[in-house]
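The next block holds one structure in the form of structure tokens; read it before the comments.
Only the coordinates and a few stated rules stand behind these numbers; no lab work does. Just so it is clear, the model here is predicted, and its values are computed rather than measured. Note: ideal-geometry Cβ built from the backbone for every residue, glycine included; neighbour counts use all protein chains shown.
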Amino acid sequence: MTQREHWGTRLGFLAATAGSAIGLGSLWKFPYSTGANGGGLFVLAYVLFTFFIGIPLFTAELIMGRHSQRSPVGAFSSLSNYSQNWKMVGWLSVLVNFLILSYYSVVAGWAVNYTLMSLNHFTSNKTPEQIGRTFETMYASGGINIFWFFIFMLMTVGVVYGGVRKGIEYWSRLLMPILLTILIILMIYSMTLSGFPKALHFIFYPDYSKLTASGMLEALGLSFYTLSVGMGIILTYGSYMRKQEDIPKTALTIGIVDVMISLMASLMIFPIIFTFGFEPAEGPGLLFKVMPVLFEKLPATLILSTLFFMLVVFTALTSTISIFEVQVATFIELFNWSRRKAVLWLGLAVFVFGIPSALSGTKAMFPDWEAIYGKTFFTTVDYVCSNWILPINGILTAFFAGWLLDAKLKEAEFIEGSRLSYLFRPWAFLIKWVAPFAILLVILQKSGIIDLDA
Ligand code: PHE
């Protein structure tokens with residue numbers, strides 16, 4: 001086997017891993033899920049799940065990846081002494097990556113489209129309501145969706161083809177700081193809007209009457225989604241990690257930044273919602289309907305709006321390359337495919353599977369899907385992945401890391417290169433006793449097997 005490529009620099013590794021975590025999950029999904037689930041309590045659950053379950057899992061994945069030097073299938077297989085069942089868990093990660101990439105790239109395609117629309121100043125002389133409706137028009141245009149989805153897939157394929165250092169690391173380092181800056185500026189501006197107090201109340205006031213089991217499962221799934229855990233991504237990135245890198249510190253830093261970005265995105269979006277009379281529960285179009293309204297009020301609309309959507313495209317890209325890399329790395333490793341072959345065939349497969357998602361706003365494919373399943377093809381795939389496969393994969397990973405993985409190995413890997421070795425015990429406790437049981441509880445409650453409300 002050829003020698004595994006490793007990250008070039010510590011900052012590059014951090015930027016790439018943060019780039020994987022920070023993406024449409026925080027900017028696009030977190031705000032509309034918060035809106036749909038009534039705010040406050042959902043946000044609180046999300047934050048708690050992230051700290052007590054998500055970050056420990058993140059750590060576990062880095063440990064498993066760095067120790068095994070493999071992608072999920074090989075890692076679960078070799079760390080379990082070649083058990084076929086655990087190998088299947090690795091395959092589950094590859095599967096969920098495939099499914100998520102197929103519709104995630106459709107959303108990223110919308111952002112590419114919005115970049116171009118911004119260049120045309122599509123908001124000029126329009127009311128907030130008309131600006132919002134532009135999204136519906138785009139969503140219902142099958143050809144436009146497919147076209148931008150395809151363009152975005154080409155971008156992902158191109159970067160992953162470049163490999164770990166040249167492709168993934170280079171772009172992440174360059175673009176993450178720019179995104180952070182523009183996000184902070186927009187958030188501060190949003191805070192001056194008249195709807196800000198209402199937004200603050202909505203995001204942070206926990207209203208206990210709104211607690212539902214499905215909301216909890218969604219908060220848990222969303223926490224995994226925004227962190228990129230429960231799907232072998234962090235494990236794969238951990239396998240490119242060098243021994244001198246600090247595992248717990250990386251997990252904590254990225255977890256905290258990830259939560260901050262999600263909250264910042266909400267602080268940026270909800271004041272606009274409450275100022276201009278949008279609905280918090282607008283659904284997946286929320287980000288695209290609301291942000292242009294803000295840009296239209298600001299000076300230099302054209303530049304700001306174009307830059308913003310361009311950065312959304314780039315954060316989506318630093319995430320999709322991590323999602324795609326898992327699939328590519330697996331095929332290279334297990335079947336001895338060349339990177340080129342893996343990238344091309346898998347890219348094509350993802351694109352084909354994503355077509356019905358791209359056409360969800362039209363009736364061009366599976367016209368009765370929504371009437372039968374209550375969700376469009378697009379939202380069905382998203383729902384199954386985020387609410388079921390991620391928690392299930394998460395619980396299996398937590399169980400594996402907490403109960404089966406050799407204690408000495410875990411400790412050695414946790415401590416190696418780390419200045420936070422005193423966190424080993426708390427982590428070992430969380431991953432063994434808290435994460436698996438908490439996830440189990442949420443899943444059982446959601447599936448109706450137990451009912452804690454009664
Ligand atoms: N965590 C990233 C995000 O929030 C990317 C991602 C999403 C990774 C879903 C895996 C699954 O956008």
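Taking the inverse of the mean 1/r over every pair of distinct Cα atoms in the range 1-96 gives a Kirkwood hydrodynamic radius of 15.9 Å.
In units of the compact-protein estimate 2.2 N^0.38 Å, the range 413-454 shows a Cα radius of gyration of 1.71. Backbone geometry of the range 303-316 corresponds, through the Karplus equation with coefficients 6.51, -1.76 and 1.60 at θ = phi - 60°, to 3J(HN,Hα) couplings of 5, 4, 5, 5, 4, 4, 5, 5, 5, 4, 4, 5, 5, 4 Hz, x marking Gly and Pro.
Starting from the Kirkwood radius over alpha-carbon pairs of the chain, derive D by Stokes-Einstein at 4 °C in a medium of 1.567 mPa s and give it in µm² s⁻¹. Here the translational diffusion coefficient equals 59 µm²/s. The angle separating the long axis of helix 142-161 from the principal Cα axis of greatest extent in the chain is about 30 degrees. Pairwise Cα separations in the range 329-384 fall into 5 Å bins from 0 onward with the following percentages, short to long: 4, 19, 20, 15, 10, 11, 11, 8, 1. For the chain, what is the relative contact order in percent, using Cα pairs closer than 8 Å and at least 6 residues apart in sequence? 35 percent.
In straight-distance terms, cross-link reach from LYS446 covers every one of the aspartates and glutamates whose alpha-carbon lies under 19 Å from its own, apart from those fewer than eight places away in the same chain; here that gives GLU218, ASP382. Check cross-link reach from LYS249 to the lysines: straight Cα distance under 19 Å, and skip same-chain residues fewer than eight apart. LYS249 reaches LYS410. How many angstrom separate the Cα center of the range 375-402 from the Cα center of the range 252-314? The two parts, judged by their Cα centres, are 26 Å apart. Within the straight-line cut-off of under 17 Å between alpha carbons, the aspartates and glutamates reachable from LYS432 are GLU61, ASP406, GLU411, GLU413, sequence neighbours fewer than 8 places apart in one chain being disregarded. With contacts taken as Cα pairs under 8 Å and at least 6 residues apart, the range 309-454 reaches a relative contact order of 14 percent.
In the chain, helices alone account for a calculated mean residue ellipticity at 222 nm of -22500 deg cm²/dmol, with every DSSP H run of four or more residues adding -39,500 (n - 2.57). Put simply, when 121-134, 352-365, 215-228 are sorted by average Cβ atoms within 10 angstrom per residue, most first, you get 215-228, 352-365, 121-134.
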